1. Which condition number in (1) closer than 27 Å to H133 by Cα; (2) in contact with a Phe, Trp or Tyr (Cβ under 7 Å, 6 or more places away or on another chain); (3) not aromatic (F, W, Y) is the one that T205 fails?
2. Regarding K143, is this residue in contact with a His (Cβ under 9 Å, 6 or more places away or on another chain), surrounded by fewer than 16 Cβ atoms within 10 Å (Cβ to Cβ), not assigned by TED's automatic domain parsing to the domain that holds F280 and not polar (S, T, N, Q)?
3. Out of all the residues in segment 191-207, is one or more within 30 Å of M1 (Cβ to Cβ) and either of a type in the set (G, A, S) or in contact (Cβ under 8 Å) with a residue 12 or more places away in the chain (or both)?
4. For segment 180-201, which positions are at pLDDT below 90 and not in a loop (DSSP other than H, G, I, E, B)?
5. So N249 clears everything in (1) crowded, with 20+ Cβ neighbours inside 10 Å; (2) assigned to a helix (DSSP H, G or I); (3) not hydroxyl-bearing (S, T, Y) except one condition, right? Which one?
6. Among the residues of segment 293-313, are any in contact with a strand residue (DSSP E or B) (Cβ under 6 Å, 6 or more places away or on another chain), basic (K, R) and part of a helix (DSSP H, G or I)?
7. Limited to segment 95-113, what total is found for residues that are over 17 Å from the mean Cα position of the chain (by Cα) and acidic (D, E)?
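The values are calculated or read from the model by the stated rules, or taken from the named source; none is laboratory data. Just so it is clear, the structure is predicted and the values come from calculations on it, not from any experiment. Quick reminder, even Gly has a Cβ in these numbers, built from the backbone with ideal geometry, and neighbours come from all protein chains shown.
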Amino acid sequence: MRKFGTPLKRSAIKILLLGSGELGREVAIEAMRLGVEVIACDRYKNAPAMQMAHRNYTFNMREGKNIRKIVEKEKPDFIVPEIEAIATDTLVELEKEGWTVIPRAIATKLTMDREGIRRLSAEKLKLPTSPYHFASSLKELEKGALDVGFPCVIKPTMSSSGHGQSVARKSADLKKAWHFAMTDTRVKTGRVIVEGFIDFDYEITLLTVRHAKGISYCAPVGHRQVNGDYVESWQPHQMSKKALKKAQNIAKRIVNELCGAKGRGIFGVELFVKGDKVWFSEVSPRPHDTGMVTMVSQTMSEMELHVRAILDLPIPGIPCVPGASYAILAHGNMKNPTYEGVSDALKIPGTHIRIFGKPEVIGHRRMGVALAIGKTVAEARKKAMAAAKKVKIIEG
């Protein structure tokens, strides 16, 4: 049975966060509630999780030597990646040397590369997916698009939150889509995936927890995205028992494959659903942005579940009530973001506001989230949206 120590003492359990955004912030809070010592890292200073960690470091996480330097200095019990743009090859090396990477180094490596995870899911596990091709040039993209048909979605192979993603409705759109994918991506790989459209009714995130006693599932999370970026989510999303069983089976297969014998943590498995049919879309081996709704809809949020799984703690049932989240967005360039309307938002019964504390805005950025519970999902969604709309972000 694991012993829990005291932060900043020899007995401390240490977690090293690679990425310190809003989800990492909540992971840090949950870990610290259990007396875990948290070291937060990111590419920019004063990232959300850094503001409460015991120590923090700022460096380019795509350079493996930087990660290795901090690991060897801090000697963490657990290395917990929270973003895509990190040196995954270094994580593989560190794991071979005996360090514990959550959920596993190979899971982090595969899921941070759309090509790796799509080949694993569709070609090895034979899971149902949309038709797809990979392309390393505009010419290859044009050929792939003709094969999957129009309209089609073009995404960089290594990116997130909709960066570099666009829809081509005709061949004339492909040149612009290729350029956008090459310039707006998180990590420049020179490759894209072009996916054919699936005629689906809705898409869900099935939060799937791999822990010491096996696999647990949260209630399905419905969500709406704009240009690949999460705008709102709700839980539970209603679906047929047959579709839910298929979704859980797909999630179990991909998560078990990524975890191997010892991997653990929470996964955000994204799925398309039409009637009783289910298709695999993507998976992230960490808390998912659409899962922020669980901060009000579940007795244990996705971040607490992640920490419990990491620390081999019990995960009993995961009950949920109707809840919703709605992103609070900022637009423009701000060095001193300031929030107005928080008091007005909180006048709505059953609502909560979470401000992430990001230090600046460049262009378009998610800066907070409104959360709400209700008697029904529809009521919770209405309240979350109303609360989010009352919060305005200006230069202070």
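1. (2)
2. Values: in contact with a His (Cβ under 9 Å, 6 or more places away or on another chain): yes; surrounded by fewer than 16 Cβ atoms within 10 Å (Cβ to Cβ): yes; not assigned by TED's automatic domain parsing to the domain that holds F280: yes; not polar (S, T, N, Q): yes.
Taking the combined requirement at face value, the residue satisfies it.
3. Of the residues in segment 191-207, the ones within 30 Å of M1 (Cβ to Cβ) are 207.
Imposing the further condition that a residue be either of a type in the set (G, A, S) or in contact (Cβ under 8 Å) with a residue 12 or more places away in the chain (or both) reduces the set to 207.
The answer is yes, given that some residue of segment 191-207 is within 30 Å of M1 (Cβ to Cβ) and either of a type in the set (G, A, S) or in contact (Cβ under 8 Å) with a residue 12 or more places away in the chain (or both).
4. Of everything in segment 180-201, just one residue is at pLDDT below 90 and not in a loop (DSSP other than H, G, I, E, B), namely D184.
5. (1)
6. No: segment 293-313 contains no residue that is in contact with a strand residue (DSSP E or B) (Cβ under 6 Å, 6 or more places away or on another chain), basic (K, R) and part of a helix (DSSP H, G or I).
7. 2
The rows are residues; the columns are (1) of a type in the set (D, E, K, R); (2) assigned to a loop (DSSP other than H, G, I, E, B).
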position	(1), (2)
H352	no, no
K358	yes, yes
I362	no, no
M367	no, no
A372	no, no
K382	yes, no
M385	no, no
K389	yes, no
